[in-house]
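As structure tokens, the structure follows; a few thoughts come after it.
The values are calculated or read from the model by the stated rules, or taken from the named source; none is laboratory data. Small disclaimer: the values here were computed from a predicted structure and weren't measured. Don't worry about glycine lacking a Cβ; one is built from the backbone with ideal geometry, like all the others, and counts go over all protein chains shown.
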Amino acid sequence: MFSHEDLQQLQANSLKMQSWIRRQTFSPQMEKSLRRFSSWEVSELIFKVNQSTFRGRLAADPSLPSGEVEQDGRQRWFSLEEINELRRRMKVNRKSLLPVRPTGKRAFRAAIANFKGGAGKSTVALHFAHAAALDGYRVLVVDFDPQATLSHSMGLNDVSEDHTVWGIMARDLIRETSRMNTAPQAAESGAALPQRKLPASISDLGLGELRVADFIRPTAWPTIDIVPSCANAAFVEFASAQYRHLNPEWSFFGAVSRYLDQIPDDSYDLIIFDCPPAIGYQSMNAVFAADMLYIPSGPGYWEYDSTTSFIGQLSEALEDLSHGFNGAFPAGKIGLPKAFHDVKFLLTRYEPGNDLHRAMFDAFRNVFGDRLAEHPVEMTRAVEQSGRFLSSVYEIDYRDMTRETWRRARATFDQAYEEFRDTILASWDQLEDEA
Ligand SMILES: Nc1ncnc2c1ncn2[C@@H]1O[C@H](COP(=O)(O)OP(=O)(O)OP(=O)(O)O)[C@@H](O)[C@H]1O
Ligand SMILES: [Mg+2]
């Protein structure tokens, strides 16, 4: 028989070994850094201009960044900073290389969500973030999942739970409670309402004083920042239920949205959410804050089945919110009833040569029509292989694997990303005008 005390003992043993095991499995030189990109990649894959045009431009203007030549070859290799400088300074056929962004609009928020585990959410979120950065966008990713897959992939292994979505929610509870306590109330009767009080265990954590920037960490990619997660943040689900009880009028699902509202509109272009495989306080915050839902799903029958129940559960959960909080809460930039600018389904781990996968693609299309992304993400060895090193295909140097495998992997993510970007561009203009 095992009681909670036995479990506590097991955990104590495990904690004793934790740093030793960490040293065995992580080495400091594994710290993530971003590689350079060759002039072939920069011209043909990133700027989509032909290589000789690109080389000609560089030759004509010696003040442009010219990259580095590696000892072994003739190619020049450019850092992302240099690529972005080239973007700002070069025009091709009088066209700017800068990415499209509607003026006066805030960053667009896209949630990669499905309550089904292993659907490919983190892989898609990682690749879309990297593809968008290579496309010239400034990206913030928010890791809502205490499994912290995305945070680890982006090289963050030393995160405390205070600086995760959990911290954002606790900070919001403290701030919202104090706002409610000081708001003019009960105007008709003139009577003061009872003050809502939070226990010292919450109010003394110091989270109320954290600044917006305290939750944001840089990554190895100069134009990607992250609100990371960590395993300890798992207890948020448990704690949040308690918090709601402490202040039942707290619109817990709006915490992250209110937080994002405080980030200046021109700091980022895209905000991408990686969601946990469960319905709960964190995932409700993610969907509530999102302008668009992107729903990855594997190409099997059971995955179709669970994707179907995902939209059912989500719809019920959103309906409950609309009933529970009619009007009376500070919604900021996003309000109730919650509506998305767009919703799309995306098949992942798709094998074009597999009859079952093709049949499932047709079935998804029949059911969801043009809500299904036209370009599925194909199953690729490059991702399977990179999984161990937690890198995207964009991070892998193409000289480290068969060129054809790398090209195909990159092409499938590029196509899926471009469709994602075009879907965003179709809605971005419709975001509310800034005050
Ligand atoms: N296109 C792909 N090709 C090959 N393997 C893939 C592909 N997409 C995902 N995988 C693999 O499938 C597994 C699950 O993917 P991922 O972690 O992205 O799913 P998830 O939905 O985020 O999972 P969770 O629900 O646990 O958060 C991983 O091992 C990943 O490497
Ligand atoms: Mg995941």
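Quick notes on this one:
- Selection status of G67, over 26 Å from the mean Cα position of the chain (by Cα), among the small types (G, A, S) and farther than 28 Å from V139 by Cβ: no
- T164 meets each of the listed conditions (1) among the hydroxyl-bearing types (S, T, Y); (2) within 16 Å of the chain's Cα centre (by Cα); (3) more than 16 Å from ligand 1 (Cβ to nearest atom) apart from (3).
- Residue among A131, A170 that alone is closer than 24 Å to I295 by Cα and at pLDDT 90 or above: A131
- Residue tally, condition touching a strand residue (DSSP E or B) at 6+ places or on another chain (Cβ under 7 Å) and basic (K, R), over region 60-84: 1
- Candidate set: region 131-148, residues that are touching an Asp or Glu at 6+ places or on another chain (Cβ under 8 Å) and either near ligand 1 (Cβ under 8 Å from one of its atoms) or aliphatic (A, V, I, L, M) (or both); chosen: the one farthest from Y394 (Cα to Cα): D145
- Residue satisfying condition, being away from ligand 1 (no atom under 16 Å from the Cβ) and among the aromatic types (F, W, Y), within set F128, F215, F115: F215
- Test: residue in region 82-101 that is within 16 Å of ligand 1 (Cβ to nearest atom), β-branched (V, I, T) and at pLDDT below 95: no
- On the stretch given as region 368-381, residues that are within 13 Å of K344 (Cα to Cα) and surrounded by 13 or more Cβ atoms within 10 Å (Cβ to Cβ) total 6.
- Pairs meeting the criteria (first residue in region 357-383 and over 15 Å from Y294 (Cα atoms) and away from ligand 1 (no atom under 16 Å from the Cβ), second residue of a type in the set (D, E, K, R) and assigned to a loop (DSSP other than H, G, I, E, B), beta carbons under 6 Å, at least 6 apart or on different chains) are lacking.
- Within the span defined as region 182-192, one or more residues are in a helix (DSSP H, G or I) and more than 20 Å from T219 (Cα to Cα).
- Qualifying residue in region 316-333 (condition: within 16 Å of ligand 2 (Cβ to nearest atom) and over 15 Å from P376 (Cα atoms)): no
- The single condition among (1) part of a helix (DSSP H, G or I); (2) free of Cβ contacts under 8 Å to residues at least 12 places away in the same chain that I46 does not satisfy is (2).
- In region 404-426, the residues that are of a type in the set (G, A, S) reach residues that are part of a helix (DSSP H, G or I) with C-beta atoms within less than 6 angstrom, at least six apart or across chains, in these pairs: A409/A382.
- Taking first residues from region 229-248 that are touching a residue at least 24 places away in the same chain (Cβ under 8 Å) and partners that are assigned to a helix (DSSP H, G or I) and among the acidic types (D, E), the Cβ contacts under 7 Å between residues at least 6 apart in sequence or on separate chains come to C230/E161; N232/E161; A233/E161.
- When the test is whether a residue is within 16 Å of ligand 2 (Cβ to nearest atom), surrounded by fewer than 21 Cβ atoms within 10 Å (Cβ to Cβ), more than 26 Å from S306 (Cα to Cα) and within 20 Å of the chain's Cα centre (by Cα), L425 does not pass it.
- Every condition in (1) over 14 Å from V256 (Cα atoms); (2) in contact (Cβ under 8 Å) with a residue 24 or more places away in the chain holds for G312 except the one numbered (2).
- Flag: D214 matches the condition of being closer than 30 Å to A107 by Cα and in contact with a helix residue (DSSP H, G or I) (Cβ under 7 Å, 6 or more places away or on another chain).
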